[in-house]
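Structure, as structure tokens:
The values are calculated or read from the model by the stated rules, or taken from the named source; none is laboratory data. None of the values given here were measured: they were computed from a predicted structure. Every residue, glycine as well, gets a Cβ built from its backbone with ideal geometry; the counts of neighbours run over all protein chains shown.
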Amino acid sequence: MVSTNSGTTAGGTGNKPSRARRLFSFPNPVNEVSARLVATGVVLMVGLTIAFDLKWATVVIAYGFVARVLTGPSLSPLGQLVTRVITPRLGLPERPVPGPPKRFAQGIGVVFSLTALVLTVLGAWTAAEVVLALLGAAAFLEAAFGFCLGCKIFAVLMRTGVVPESVCEECNDIWARQRAA
């Protein structure tokens with residue numbers, strides 16, 4: 001079969017996305033319970049990295065953020081642990097929230113974690129620790145209070161027209177439902 005640009009196969013299975021398209025996708029909506037648990041994992045990793053001078057762990061943290069931005073939980077060990085093991089065992093009801101703001105927040109995590117990694121490689125460990133601490137603080141806000149700093153920035157960018165409404169049309173609907181609940 002011949003692959004088409006739309007992710008379907010010519011003469012094949014209709015609108016089924018290709019394997020690569022399924023891999024390099026981000027869930028929408030996202031389960032808020034899982035998102036907060038991933039943030040908890042980030043807080044723990046960052047805290048241990050700083051407390052025990054685990055410079056090598058900046059690679060693990062950066063990989064996790066890059067993997068989650070590109071594939072959601074698919075290639076993220078922390079994402080897999082949370083979505084396949086921890087969240088199902090908690091028995092909590094799903095709390096769907098829009099995916100695009102969460103992906104944007106993960107993208108901010110990529111910037112911070114890669115910055116910390118580059119600083120570590122360049123021998124500027126103290127500066128890397130500061131960047132990691134800022135990353136950990138943002139993750140803590142999400143984990144402890146459900147306050148997604150990146151999501152708030154995304155909302156401001158949508159309101160100012162930097163991010164088109166078409167990127168996240170369901171944001172208004174889901175956020176309105178959350179306020180009503």
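Given the criterion surrounded by 20 or more Cβ atoms within 10 Å (Cβ to Cβ), of a type outside the set (Phe, Trp, Tyr), under 19 Å from THR40 (Cβ atoms) and touching a Leu at 6+ places or on another chain (Cβ under 7 Å), identify the matching residue among ALA67, ALA139.
ALA67
Checking the condition under 13 Å from the mean Cα position of the chain (by Cα), modelled with pLDDT of 95 or more and not hydroxyl-bearing (Ser, Thr, Tyr), which residue from ALA57, ALA116, ALA51, ALA62 passes?
Working: ALA57 fails: under 13 Å from the mean Cα position of the chain (by Cα); ALA116 fails: under 13 Å from the mean Cα position of the chain (by Cα); ALA51 fails: under 13 Å from the mean Cα position of the chain (by Cα).
Just one listed residue meets the conditions, ALA62.
Determine if region 27-34 includes at least one residue that is at pLDDT 95 or above, buried (at least 17 other Cβ atoms within 10 Å of the Cβ), touching a helix residue (DSSP H, G or I) at 6+ places or on another chain (Cβ under 9 Å) and under 25 Å from TRP125 (Cβ atoms).
Checking region 27-34: not a single residue is at pLDDT 95 or above, buried (at least 17 other Cβ atoms within 10 Å of the Cβ), touching a helix residue (DSSP H, G or I) at 6+ places or on another chain (Cβ under 9 Å) and under 25 Å from TRP125 (Cβ atoms).
Please find, among LEU90, LEU117, LEU122, the residue that is under 14 Å from LEU37 (Cβ atoms) and either free of Cβ contacts under 8 Å to residues at least 60 places away in the same chain or β-branched (Val, Ile, Thr) (or both). Give the steps one after another, and end with the answer.
Values: LEU117 fails: under 14 Å from LEU37 (Cβ atoms); LEU122 fails: under 14 Å from LEU37 (Cβ atoms).
After ruling out the rest, the residue left standing is LEU90.
Please tell me if LEU81 is assigned to a helix (DSSP H, G or I), at pLDDT 95 or above and farther than 19 Å from PHE26 by Cα. Talk me through it step by step, then tell me what you get.
Working: assigned to a helix (DSSP H, G or I): yes; at pLDDT 95 or above: yes; farther than 19 Å from PHE26 by Cα: no.
Against the criterion (assigned to a helix (DSSP H, G or I), at pLDDT 95 or above and farther than 19 Å from PHE26 by Cα), LEU81 does not qualify.
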